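Here's the structure we're looking at; comments come further down.
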Amino acid sequence: MTTQLSDLETQIEDVRQEAEGAIAACETLEQLEQLRINYLGKKGKLSKVLGAMGKLDPGDRPRIGALANEVKQALQGDLDGRRTALEAAQLEAQLQAETLDVTMPGVYRPQGRIHPLNAVIDRALDIFVGMGYTVATGPEMESDYYNFEALNTPPDHPARDMQDTFYLPDGNLLRTHTSSVQIRYMEQHQPPIRIVAPGRVYRRDTVDATHAAVFHQLELLAVGENLRFTDLKGTIKEFLRQMFGDLPIRFRASYFPFTEPSAEVDLEWQGKWLEVLGCGMVDPNVLKAVGYDPEKYTGFAAGFGVERFAMVLHQLDDIRRVYASDLRFLRQF
């Protein structure tokens with residue numbers, strides 16, 4: 001039995017030395033895990049050696065068990081130490097590969113600019129939202145009903161001559177103003193309402209320095225009980241003050257089929273009076289068209305051309321410049 005005992009001790013020591021050498025020479029975490037399985041796993045070399053303990057005398061088994069436990073703990077310590085070293089080396093290699101030299105010049109990426117028309121729209125929306133208005137949008141291709149009839153402009157109305165319209169083969173048209181958004185919104189909501197509707201509109205204008213066939217409008221609408229022209233004037237004055245500064249303004253009597261009374265608003269800019277927007281109290285026929293009771297509700301509306309505001313604010317001499325996509329021009333803003 002002494003010889004068998006010595007043989008097991010020798011085999012265990014051989015396993016220990018072999019494993020220590022293999023662990024020390026291991027280069028990757030994957031190889032290290034495989035070594036752990038090969039030597040300390042349930043079917044590993046150490047377990048195979050200990051399988052012969054059943055042939056030992058009962059008195060010799062504790063000695064072999066203690067030796068095997070000592071070897072197992074030693075090898076586990078070697079595995080843990082090598083794993084820590086390999087992980088540190090892996091992290092260091094990753095850091096070296098991903099090193100960022102903060103002293104190197106950065107890569108230049110040209111910065112975009114906000115288009116002057118978008119800047120005017122954003123500024124106006126900020127002002128009206130600050131007054132409690134909600135932004136509303138609608139389709140650019142409209143029916144005759146929403147673009148004209150519901151806005152108190154029947155087919156034989158002379159006011160249609162004021163707006164040369166792009167008609168489509170299916171009987172629809174490209175909207176000539178964003179007032180159609182007001183009708184759609186009122187059909188879906190009950191007073192009180194406060195909305196502002198920005199968007200692109202289309203008219204068959206001859207393109208020149210101050211006219212375009214495609215341009216942008218922004219219109220506001222308020223409907224509720226006991227709204228008066230003084231409420232409209234106060235709203236317009238505050239909007240123009242925030243947009244242009246504290247400048248003189250004046251209201252001139254005008255005509256629109258969907259408002260009554262109606263007015264044009266002028267602004268004194270650099271010593272000259274400039275027409276900047278149109279406005280008025282909502283015509284009772286428009287309120288009836290959407291199912292509102294004109295005896296109970298009143299409203300006011302106003303609208304302006306975004307391009308006109310941009311030309312005034314940026315002192316542009318030709319409206320066509322904002323559509324030319326010329327970077328030499330756009331980089332100024």
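Rounded to whole Å, the principal axis extents of the Cα atoms in the chain read 124, 51, 44, largest first.
Placing dummy labels 7 Å off each Cα toward the beta-carbon, the span from Lys48 to Arg252 is 10.6 nm.
Listed by chain and number, the lysines placed with their C-alpha closer than 28 angstrom to that of Lys43 are Lys55, Lys72; residues fewer than eight positions away on the same chain are left out. Here the spin labels are modelled as points 7 Å beyond Cα on the Cα-Cβ line, and at Glu238 and Tyr323 they lie 3.5 nm apart. Spin-label pair Arg204-His115: with each label point 7 Å from Cα along the Cα-Cβ axis, the two points sit 2.5 nm from one another. In percent, rounded to a whole number, the relative contact order of the chain is 14, using alpha-carbon pairs under 8 Å and six or more apart. Restriction of the GluC sites (Glu not before Pro) in segment 228-309 to DSSP coil positions whose beta-carbon has at most 13 other beta-carbons within 10 angstrom yields Glu295.
Whole-Hz Karplus values for segment 125-133 come out as 5, 4, 5, 6, 4, x, 8, x, 8 Hz, taken residue by residue from phi with 6.51 cos²θ - 1.76 cosθ + 1.60 and θ = phi - 60°; glycine and proline positions read x. Listed values for segment 228-245 are Karplus-derived 3J(HN,Hα) couplings in whole Hz (6.51 cos²θ - 1.76 cosθ + 1.60, θ = phi - 60°), namely 10, 5, 5, 5, 4, 4, x, 5, 5, 4, 5, 4, 5, 5, 6, 7, 10, x, and x replaces Gly and Pro. With r as the distance between the Cβ atoms of Leu91 and Gln31 and R0 = 22 Å, compute the FRET efficiency 1/(1 + (r/R0)^6) and round to 0.05. Given R0 = 22 Å and the Cβ-Cβ separation, E is 0.80. Cross-link partners for Lys272 among the lysines, with Cα-Cα distance under 28 Å and sequence neighbours closer than 8 places in the same chain left out: Lys233, Lys237. Each stretch of four or more DSSP H residues adds -39500 (n - 2.57); spread over every residue of the chain, this sum gives -13500 deg cm²/dmol at 222 nm.
Residues of segment 18-34 with amide nitrogen under 19 Å from the 7 Å Cα-to-Cβ point of Arg83? It comes to 19-34, nothing else. Could you pull out the longest piece of the chain with no exposed loop trypsin sites (Lys or Arg not before Pro) in it, calling a site exposed if DSSP puts it outside H, G, I, E, B and it has at most 14 other Cβ atoms within 10 Å? Result, exposed sites excluded: 114-203. Think of a 1.4 Å ball rolled over the protein heavy atoms: segment 58-197 then has 61 Å² of accessible area per residue.
The values are calculated or read from the model by the stated rules, or taken from the named source; none is laboratory data. For clarity, every value in this text was computed on a predicted model and none was experimentally measured. Here the Cβ is made from the backbone with ideal geometry for all residues, glycine too, and neighbour counts use every protein chain on show. To get the accessible areas, we keep the full protein, side chains included, count just its heavy atoms, and leave off ligands, DNA and RNA. Shrake-Rupley method; radii C 1.70, N 1.55, O 1.52, S 1.80 Å.
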